[in-house]
Each structure stands twice: as structure tokens, then as C-alpha cells.
Amino acid sequence: MEVKEREVWETLHRHLAAIYAGDWQTYLETTAEDVAVYEWFVTPHRIDGLSFHQFMMEHDWMGVGADWRYDLLDPRLQVYGDAAIASYTLLLTIHDEGGMHHKTINESRVLLRSDGGWKVAHVHKSPGS
């Protein structure tokens, strides 16, 4: 794996782990301020910027207290200079008092590299099942 590809995957994994751990500081470090997100389970419209996700993370939208893990199924990375597109199916497994739960979500995340390193600038999600 080339250095650029390794850097992109490392940033993406930090970004995803921050979401499910409720780690707002790491989310900020790995996300562009003007991020654009399509999340079909929230709204059929694009959500721009960080404020919506800050509110969601501060209010434990992913059940931060639960035991969780994620896996990326069929990951693909396309790198074009200072832009990268990661696509995969996210398998999210959560264990809580109700037992074990699985969710699958097809995702594409566009990352851009600047002086601060790689950051997620665009996310598109669709149902995985």
C-alpha cells in the first residue's frame, strides 16, 4: 500500500471511530468545516457543515455507552492527487442491554488533503440492506 493510501485509510478509521465513540475533537481534526452529508435515515436533503453533527454527537445519537465495533466490507479507495474517494459497506455491530444488533450502510466518503492532512469533505450514505 502506498503512503498516500495508508494516510487516507488511517484518517478514515480515526474519523469513523470518533463518530461512534462520541469523540468530537478527533471528528473536528478529520472533517472539513464545510462537510456535506447525505444521510437517508435523517433527511432526504444534504446537511452542510459541522453544527448538526456536533449536536448529534453531544446527545449520544449512536449510543456511545454501548459496546460497538465497525467493519468495512468490500472497501475501495480511489486516489487522485489531493483527493480520495473511499467506498464500502459499513457493518456496525452494537452490543447493549438488548443484545447484539447489526446495521449495514453503503457509504462513500470524499477526503481532501491540505496542509492539515486528509479531511472528510463529503459523505453519501444509502441503505445496505
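The values are calculated or read from the model by the stated rules, or taken from the named source; none is laboratory data. What you are looking at is a predicted structure, and each value in this text was computed from that prediction instead of being measured. Cβ placement follows ideal geometry from the backbone for every residue including glycine, while neighbour counts extend to all protein chains displayed.
Annotations for the structure displayed:
- Residue match in segment 46-58 (condition: farther than 20 Å from M1 by Cα, of a type in the set (S, T, Y), at pLDDT 90 or above and surrounded by 13 or more Cβ atoms within 10 Å (Cβ to Cβ)): no
- Residue ID - farthest from the chain's Cα centre (by Cα), chosen from residues in segment 119-129 that are part of a strand (DSSP E or B) and of a type outside the set (S, T, Y): P127
- Meets criteria (surrounded by 13 or more Cβ atoms within 10 Å (Cβ to Cβ), among the β-branched types (V, I, T) and modelled with pLDDT of 95 or more) for T93: no
- Spans of strands (runs of 3 or more DSSP E) in segment 30-118 with at least 3 residues in contact (Cβ under 8 Å) with a residue 40 or more places away in the chain, of a type outside the set (S, T, N, Q) and over 20 Å from A17 (Cβ atoms): 31-39
Table: residues versus (1) at pLDDT below 90; (2) touching a strand residue (DSSP E or B) at 6+ places or on another chain (Cβ under 6 Å); (3) within 20 Å of H124 (Cβ to Cβ).
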site	(1), (2), (3)
T11	no, yes, yes
G22	yes, no, no
T31	no, yes, yes
P44	yes, no, yes
M62	yes, no, yes
W68	yes, yes, no
L72	no, yes, yes
R76	no, yes, yes
